[in-house]
């Protein structure tokens with residue numbers, strides 16, 4: 001794999017060069033990428049430098065759509081202006097918290113009726129498979145409230161964002177971003193037998209994640225090697241591009257993608273997409289597919305990659321290195337060891353999972369069944385679960401006998417469900433190791449609870465090598481050791497189940513429909529506008545290289561409370577910094593007192609000394625004036641926001657009185673956008689020793705004016721015996737983003753008279 005150090009031209013889709021040998025400017029050649037054409041077609045601004053995108057379709061699942069619709073309702077929603085699909089694939093088991101999961105589903109169904117949307121009941125399809133089968137259109141754009149919203153292999157540019165960005169689309173506002181850079185991914189050659197899409201994806205992630213090579217950029221897959229991959233293979237690579245931290249992805253399309261649309265009864269929605277004769281890319285990743293070998297991403301990140309052969313050949317050294325890295329993520333809270341998994345010189349795993357938007361595809365499961373046919377997973381610790389990504393896939397596996405073949409081996413085949421990917425299904429035993437063809441392997445992602453002393457871990461692998469390991473009864477085995485053939489049975493799509501079960505309003509709203517609420521579905525609490533001055537207490541300080549959204553607000557059973565802003569907020573940072581919630585609430589008492597016209601120092605006595613120091617230099621700061629002064633909390637993290645698009649990573653801090661984050665950088669655009677849309681300051685601080693510590697108070701004088709005037713930097717003081725100054729930056733903000741922060745949140749912004 002080769003990463004080019006600077007931009008290059010692609011000539012006739014085949015030749016990578018720094019000199020195109022033609023009279024064409026770089027700017028003109030940049031307009032010849034596939035990405036540029038799609039973005040231009042959806043841009044409503046008069047500039048391609050500052051995009052204002054309107055998406056064709058929206059999609060959400062059952063731990064995001066309640067909050068999104070509640071926000072939109074509070075902002076004046078009357079009708080879904082574009083097709084909006086509400087799927088139910090995360091809390092579909094209805095197993096935790098009494099009625100609250102099914103209450104969310106009924107909320108979704110009645111909202112689809114009232115506002116004119118589409119409702120996909122539980123167990124029918126995971127969000128992204130339904131989108132591939134029924135929504136994606138070549139040349140179109142889809143926005144989803146799940147980070148793995150990626151349909152580029154089908155020619156649809158899709159992006160996963162926090163809920164407020166979908167709210168903007170529902171209110172006929174735009175998605176505002178600078179024109180992203182486009183990085184080409186040039187594929188050549190053909191994968192060897194036993195190598196699957198997860199192997200290619202993990203190889204790419206391992207190469208680009210640490211350097212940020214594609215961060216917030218569009219990955220455009222080109223080159224002759226694309227034609228050597230099936231549609232399912234391309235889809236499996238594409239969905240994992242999220243783990244590179246890229247903004248979106250797009251692929252050139254061909255007859256194999258045309259066939260995909262034909263199989264799904266939507267041939268009219270296919271378009272051939274290719275870069276122009278000379279296209280300029282801001283970077284290029286060149287991959288010889290024939291050189292990729294079966295991969296494994298060891299705990300606790302998809303970029304922690306090795307070849308399986310390398311792990312088996314250097315088992316002791318690799319496991320020692322993984323354990324050392326793990327202690328950074330686990331903060332030494334629990335004992336973690338993988339070396340006790342070495343049995344007879346081989347690595348033994350307790351569980352295999354093939355599931356979700358990455359692993360549950362038809363081709364993955366059929367290939368896994370071929371490897372397992374005639375074998376047994378054994379009667380020891382090792383278990384294997386397979387989750388087809390949709391009911392049509394499940395139906396075809398039943399018709400052609402693959403389902404029976406899998407079950408004969410001892411595997412369990414389950415319905416479409418995302419649970420294993422976010423910690424709500426198939427949690428291993430304590431100290432267990434699971435290998436999964438799913439999307440992520442962050443700490444806690446498989447359901448363990450470090451704060452309770454429970455720890456298990458996930459390694460990511462392709463379905464084929466998981467099957468080979470299962471055939472070896474749990475001993476790590478690459479699929480390249482399988483010497484048999486792959487039957488590749490033809491896929492026949494039957495959408496009858498969708499026709500019988502999916503509610504589709506066809507865009508017709510019925511305002512007479514009463515929305516069905518449940519006792520856990522709560523409105524957002526009121527949020528104040530940004531005051532002139534801010535006092536912030538640092539209530540958490542995190543120095544991990546990267547902080548994931550799973551650590552900011554855990555997934556798993558806490559997802560049942562995503563419809564209850566205050567209820568969910570109780571879990572904020574609970575697995576990373578359990579003292580955070582209590583500290584934030586103490587500070588929030590002072591803000592509540594100010595809003596009620598009271599004296600904040602009575603609610604928070606330690607604030608009195610802080611105010612006395614501040615008022616020596618800033619006598620104009622009035623303690624009981626809500627327009628003059630706000631008191632809240634902030635956290636520091638080196639690089640927060642990797643992973644899920646979940647808006648609650650920001651909103652939970654906000655409802656507990658959070659006014660800002662301070663970071664060296666933000667891991668993803670998604671998380672920074674979530675902060676902004678919830679009225680929080682996404683502050684940036686330079687490298688070097690921090691001028692504050694956990695528990696310190698910070699004073700931001702005239703912060704409202706600084707935001708309003710788009711100041712390059714903001715003056716901050718650490719409050720001690722005196723005021724110690726330092727500077728932070730806000731980064732680039734659009735006019736609308738500044739106004740959202742000034743108003744206090746997106747809801748307030750949209751409620752303005």
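The values are calculated or read from the model by the stated rules, or taken from the named source; none is laboratory data. Only a predicted model underlies this, so the values are computations on that prediction, with no experimental measurement involved. Every residue, glycine as well, gets a Cβ built from its backbone with ideal geometry; the counts of neighbours run over all protein chains shown.
At-a-glance table
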item: Conditions (1) under 29 Å from the mean Cα position of the chain (by Cα); (2) under 30 Å from residue 562 (Cβ atoms); (3) modelled with pLDDT of 95 or more; (4) in a loop (DSSP other than H, G, I, E, B): number failed by residue 513; result: (1)
item: Residues located in the range 563-584, provided they are assigned to a loop (DSSP other than H, G, I, E, B), in contact (Cβ under 8 Å) with a residue 12 or more places away in the chain and either under 28 Å from residue 88 (Cβ atoms) or within 20 Å of the chain's Cα centre (by Cα) (or both); result: 563, 564, 571, 572, 573, 574, 575, 576
item: In the range 730-753, residue farthest from residue 664 (Cα to Cα) [restricted to those that are in a loop (DSSP other than H, G, I, E, B) and at pLDDT below 90]; result: 753
item: Close pairs from the range 277-289: first in contact (Cβ under 8 Å) with a residue 24 or more places away in the chain, partner part of a helix (DSSP H, G or I), Cβ under 6 Å, at least 6 apart; result: 278/29; 279/29; 280/26; 280/29; 280/30; 289/225
item: Condition met for residue 587 (in contact with a strand residue (DSSP E or B) (Cβ under 6 Å, 6 or more places away or on another chain), farther than 17 Å from residue 652 by Cβ, touching a residue at least 60 places away in the same chain (Cβ under 8 Å) and in a helix (DSSP H, G or I)); result: no
item: Condition broken by residue 560, with the remaining ones in (1) surrounded by fewer than 20 Cβ atoms within 10 Å (Cβ to Cβ); (2) assigned to a helix (DSSP H, G or I) satisfied; result: (1)
item: Qualifying helices (runs of 4 or more DSSP H) (wholly inside the range 618-712; at least 2 residues being not assigned by TED's automatic domain parsing to the domain that holds residue 745); result: none
item: So residue 388, is it part of a loop (DSSP other than H, G, I, E, B) and either closer than 28 Å to residue 131 by Cβ or under 32 Å from the mean Cα position of the chain (by Cα) (or both); result: yes
item: Residue satisfying all of: in the range 48-77; in a loop (DSSP other than H, G, I, E, B) and under 20 Å from the mean Cα position of the chain (by Cα); farthest from residue 129 (Cα to Cα) among these; result: 55
item: Single residue of the range 467-497 satisfying the filter (out of contact with any helix residue (DSSP H, G or I) (no Cβ under 7 Å at 6 or more places or on another chain) and surrounded by 16 or more Cβ atoms within 10 Å (Cβ to Cβ)) that is farthest from residue 377 (Cα to Cα); result: 480
item: Single residue of 209, 233 found to be farther than 15 Å from residue 149 by Cβ, over 19 Å from the mean Cα position of the chain (by Cα), crowded, with 18+ Cβ neighbours inside 10 Å and not assigned by TED's automatic domain parsing to the domain that holds residue 438; result: 233
item: Exclusive hit being in contact with a helix residue (DSSP H, G or I) (Cβ under 8 Å, 6 or more places away or on another chain), surrounded by fewer than 20 Cβ atoms within 10 Å (Cβ to Cβ) and at pLDDT 95 or above, set 118, 137, 96; result: 137
item: Candidates 522, 506, 537, filtered to the one that is outside the structural domain of residue 300 (by TED's automatic domain parsing) and closer than 27 Å to residue 638 by Cα; result: 537
item: From 436, 464, residue being over 22 Å from the mean Cα position of the chain (by Cα) and assigned by TED's automatic domain parsing to the domain that holds residue 315; result: 464
item: Some residue of the range 243-254 being modelled with pLDDT of 95 or more, farther than 17 Å from residue 184 by Cα and either assigned to a helix (DSSP H, G or I) or not assigned by TED's automatic domain parsing to the domain that holds residue 139 (or both); result: yes
item: Selected residue (criterion: surrounded by the most Cβ atoms within 10 Å (Cβ to Cβ)) from residues of the range 320-349 that are outside any strand (DSSP E or B) and touching a strand residue (DSSP E or B) at 6+ places or on another chain (Cβ under 6 Å); result: 349
item: Identity of the residue in the range 168-203, touching a strand residue (DSSP E or B) at 6+ places or on another chain (Cβ under 7 Å) and within 20 Å of residue 462 (Cα to Cα), that ends up surrounded by the most Cβ atoms within 10 Å (Cβ to Cβ); result: 198
item: All positions within the range 290-301 that are outside any loop (DSSP other than H, G, I, E, B) and surrounded by 23 or more Cβ atoms within 10 Å (Cβ to Cβ); result: 295, 296, 297
item: Among the residues listed as 427, 480, the single one being in a helix (DSSP H, G or I) and either modelled with pLDDT under 90 or not assigned by TED's automatic domain parsing to the domain that holds residue 576 (or both); result: 480
item: Residue check, residue 218 over 22 Å from residue 38 (Cβ atoms), in contact with a strand residue (DSSP E or B) (Cβ under 8 Å, 6 or more places away or on another chain) and not assigned by TED's automatic domain parsing to the domain that holds residue 392; result: no
item: Qualifying residue in the range 148-171 (condition: in a loop (DSSP other than H, G, I, E, B), in the same structural domain as residue 230 (by TED's automatic domain parsing), within 16 Å of the chain's Cα centre (by Cα) and at pLDDT 95 or above); result: no
item: Meets criteria (free of Cβ contacts under 8 Å to residues at least 40 places away in the same chain, crowded, with 21+ Cβ neighbours inside 10 Å and either under 30 Å from residue 413 (Cβ atoms) or outside the structural domain of residue 554 (by TED's automatic domain parsing) (or both)) for residue 86; result: yes
item: Filter result (free of Cβ contacts under 8 Å to residues at least 60 places away in the same chain and either crowded, with 20+ Cβ neighbours inside 10 Å or over 31 Å from the mean Cα position of the chain (by Cα) (or both)) within the range 697-716; result: 706, 709, 714, 715, 716
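Conditions tested, residue by residue: (1) surrounded by fewer than 18 Cβ atoms within 10 Å (Cβ to Cβ); (2) closer than 30 Å to residue 642 by Cα; (3) in contact with a helix residue (DSSP H, G or I) (Cβ under 9 Å, 6 or more places away or on another chain).
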residue	(1), (2), (3)
267	yes, no, yes
280	no, yes, yes
306	no, yes, yes
309	yes, yes, yes
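A quick yes/no check of all residues on (1) more than 30 Å from residue 623 (Cβ to Cβ); (2) crowded, with 23+ Cβ neighbours inside 10 Å:
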| position | (1), (2) |
| --- | --- |
| 541 | no, no |
| 549 | yes, yes |
| 553 | yes, yes |
| 567 | yes, no |
| 570 | no, no |
| 579 | no, no |
| 582 | no, no |
| 585 | no, no |
| 592 | no, no |
